[in-house]
Amino acid sequence: MNQGTHTRRWIQLNDEIFEGIHKNLTVEHIMTPKEEFCFYSLDSALQKDITIFPIKDKNGRITRYFDSNYSEEHYILPDKTVSKDLDIMSLIKILDRSSFFFVIHADIVGIVTVSDLRKGAVRMFFYLLLYRLENQMKIFFKERMSEDDFINIAKPRCRMQKKDYELSVFEECSFYDYLAALKNYNVFKEKHGMSIRDVEKFGGLDKFRNWIMHPSREEVKLKIDSQLDYNNYLFKQLDRIQKLEELLKTT
């Protein structure tokens, strides 16, 4: 098996592993289960941070909810429900349009809101995405240029000293270094009709990656005023990642 065939098989295996894991990171892992619901009006007066309160009918079934933001009751219609098996990626995309959904598995089994996107399963999902993207960038450059050429366009900190290095630059450079290389790689920009400024828009992914990798860091949270803004931020990063993956594939 030659190096190119081995690399392609390795990429395929990584994609298969990613798909298997991310399809199993579902709404069920982050929702508030039915057993923990705060119901209207029994619990609503005591809960100041919750805005959606399910309402039971005379048979004990949940068919309506009270929205304290607007002091209104609504029936739970199909467009306000999602399956417990919906994957995290799809959830992020639809939560960009609505701030909550009731979760169903035959009957209502939970509720998921934008605040649930702060939970560990969502961070794990983005970690997997960013891990895959970094590998894709590494392979992209490794297949197209020598180490010296890469160092010339990326200028990675790991190669700024004059000494012997045991590892290849492709094994030692950072996520940021790959983004810097894309910005200076004319073939990439010309292929897609992009300017340096266009490529620099992907630069925010480096800060996002650092935040995902270090849960104790709060910089991003402090700059986001509302839960909806938080979801919009995640949606934007997801869109950037997917666009860059597509550009790498078609260069």
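Show TYR75, TYR40, TYR176, TYR230 ordered by accessible area, largest first, where the area counts protein heavy atoms only and the probe is 1.4 Å.
TYR75, TYR176, TYR40, TYR230
Sequence gap of 8 or more, or different chains, plus Cα separation below 22 Å: how many lysine pairs satisfy both in region 27-116?
Taking region 27-116 as the scope, the lysine pair count is 11.
How high is the relative contact order of the chain, in percent, with contacts defined as C-alpha pairs under 8 Å that are six or more residues apart?
With pairs under 8 Å counted, the relative contact order is 17 percent.
Treating only the Cβ atoms of Lys and Arg (+1) and Asp and Glu (-1) as charged, compute the dipole magnitude of the chain about its Cα centre; round to the nearest 20 debye.
Dipole about the Cα centre, nearest 20: 480 debye.
Assuming R0 = 41 Å, can you tell me the calculated FRET efficiency for the pair HIS105 and SER146, based on Cβ-Cβ distance, to the nearest 0.05?
On the way: r = 54 Å, r/R0 = 1.32.
FRET efficiency, HIS105 to SER146: 0.15.
Just going by the charge dipole of the chain, with Lys and Arg at +1 and Asp and Glu at -1 on Cβ, which of PHE125, ILE196, PHE37 is farthest out on the positive end?
My answer, from the dipole projection, is ILE196.
How big is D for region 27-116, in µm² s⁻¹ as a whole number, if Stokes-Einstein is applied with the Kirkwood radius of its Cα pairs at 20 °C and 1.002 mPa s?
The diffusion coefficient I find is 161 µm²/s.
Any lysines with Cα under 26 Å of the LYS183 Cα? List them, leaving off those in the same chain fewer than 8 positions away.
LYS138, LYS142, LYS155, LYS162, LYS191, LYS201, LYS207, LYS236, LYS243, LYS249
Working out 0.36 nm times the residue gap between SER90 and LYS119, then minus their Cα-Cα distance, what length gain in nm do you get to one decimal?
Here the segment from SER90 to LYS119 would lengthen by 8.8 nm.
How many nm is it between the label spots at GLN161 and LYS56, if each spot is 7 Å from the Cα in line with the beta carbon?
Inter-label distance under the simple model: 6.7 nm.
Could you estimate the translational diffusion coefficient of the chain from the Stokes-Einstein equation, with Rh from the Kirkwood formula over C-alpha pairs, at 20 °C and 1.002 mPa s, in whole µm²/s?
On the way: Rh = 20.9 Å.
Value of D from the Cα-based Kirkwood radius: 103 µm²/s.
So how do 191-200, 108-117, 124-133 stack up, highest first, on mean other-Cβ count within 10 Å?
Numbers: 191-200: 12.2, 108-117: 21.0, 124-133: 19.3.
Highest to lowest by the protection proxy: 108-117, 124-133, 191-200.
Tell me which aspartates and glutamates have Cα within less than 18 Å of LYS119's Cα, excluding those fewer than 8 residues away on the same chain?
GLU28, GLU36, ASP49, ASP85, ASP87, ASP96, GLU218, GLU219, ASP225, ASP229
The values are calculated or read from the model by the stated rules, or taken from the named source; none is laboratory data. Keep in mind that this is a model prediction, so the values were computed, not measured. Don't worry about glycine lacking a Cβ; one is built from the backbone with ideal geometry, like all the others, and counts go over all protein chains shown. For accessibility, only protein heavy atoms count, side chains too; no ligands or nucleic acids. Shrake-Rupley method; radii C 1.70, N 1.55, O 1.52, S 1.80 Å.
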